[in-house]
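Below is one structure, written out as structure tokens; comments come after it.
The values are calculated or read from the model by the stated rules, or taken from the named source; none is laboratory data. Here the structure is a predicted model, which is why all the values come from computation and not from measurement. Reconstructed Cβ throughout: ideal geometry from the backbone, glycine too, with neighbour counts over all protein chains shown.
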Amino acid sequence: MSKAALDHAVLQAAAAWFARLHAAPDDTLIQAKWSAWLAEDARHRLAWGYVEGINQRFGNLYHNGSAEQAHQVLSTVRRDRHSRRALLGSLCVAGAGGLLGWGSWRQGWVDSPRALFATYRTGLGEVQSLTLADGSQVWLNSETALDVTFDEQLRQLRLYRGEVLIETASDARPLHVMTRAGRMQPLGTRFSVRDQGLQTNLSVFAGAVQATCADTGRQITVGAGQMTVFDAQQGRALLAAHAQRQDWSRGVLVAEDMPLGQVLEILRDYRRGHLGIDPALNNLRVVGTYPLLDTDRALAMLERALPIRVVRTLPWWVAVEAR
């Protein structure tokens, strides 16, 4: 089960239990209440596994010792022999489910060893700009891996994960941008390419780009102001490209009547840990310019502008609730 399938309230409850156990690792009464909560519903066990997965991935990045103390909490709980043997089996299943959920939820996770050795790589919350040997300008978004290979006949960029914004320079050699979905050949243009696993999101802001599906050879020509999503078989209908889609290259998010749920979805790509939202707030409209590379500041700005509150259950677990 993916994170998206887990109820927001159940996830918040699981995080709250994690925080209580973290704060009082020797409190047997809290441990017993947690055990009862965990055993009463399969969704509780899945949510707990998801929280554990987030802690394992991000807990040690914070300097308050939360990861080490959390492991001590779990060790203490698991040493308690009172009605624990059956529960341990459930925890193993829940932990695996949570980790699998995290893997499917998080876009752009490494699925090719080549990404680890790409010419250019950015980490979470990092944006990088560079000038290629031909004079083309390239911006790499958060968690992006890109290989660049030039020879006498061809300029080739291979995107393994993440997103790039490209402004091409004049050169007699063709430029090919490759993803798992296929090949894109720009014709003197400015465009962005986002890897979405088996699909690629292509937005063109100037000029035109011809996309070729990897398996079928089907071709789609995307002109200025247009975007499409395509995979190795076929492409979707052309839609209007949003000029604001380029703004991440400047480290900002420009929201023009954007749903809050969409704003938080974008912020997640620049933030360590869990960022949740009460589903009732998803369609709350947002207007303004927010810093992508300082998501805490962005959340504080949203909190001042909207009837919401930002709840920090743990350093790596934050949720947006109604005020």
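So for region 255-274 (the condition being at pLDDT 95 or above, touching a Ser or Thr at 6+ places or on another chain (Cβ under 7 Å) and part of a helix (DSSP H, G or I)), does at least one residue qualify?
yes
Identify, from the list Gly162, Gly251, the residue that is within 26 Å of the chain's Cα centre (by Cα), touching a residue at least 60 places away in the same chain (Cβ under 8 Å) and within 18 Å of Glu143 (Cα to Cα).
The conditions single out Gly251.
Look through Leu154, Leu165, Leu159 and report the one residue that is surrounded by fewer than 21 Cβ atoms within 10 Å (Cβ to Cβ) and assigned by TED's automatic domain parsing to the domain that holds Gly123.
Leu154
Can we say Leu284 is out of contact with any Pro (no Cβ under 8 Å at 6 or more places or on another chain) and assigned by TED's automatic domain parsing to the domain that holds Asp269?
no
Taking the conditions exactly as written (in contact (Cβ under 8 Å) with a residue 24 or more places away in the chain, surrounded by 15 or more Cβ atoms within 10 Å (Cβ to Cβ) and not charged (D, E, K, R)), does Gly261 satisfy them or not?
No.
Given the criteria under 22 Å from Tyr270 (Cα atoms), of a type in the set (Gly, Ala, Ser) and assigned to a strand (DSSP E or B), does Ser142 qualify?
The answer is no for Ser142.
From the set of residues in region 292-323 that are among the aliphatic types (A, V, I, L, M) and assigned to a strand (DSSP E or B), which is surrounded by the fewest Cβ atoms within 10 Å (Cβ to Cβ)?
Per the criteria, the residue is Ala322.
Picking from Thr228, Thr289, Thr221, which residue would you name as being outside the structural domain of Gly207 (by TED's automatic domain parsing), over 18 Å from the mean Cα position of the chain (by Cα) and not in a loop (DSSP other than H, G, I, E, B)?
Answer to the check: Thr289.
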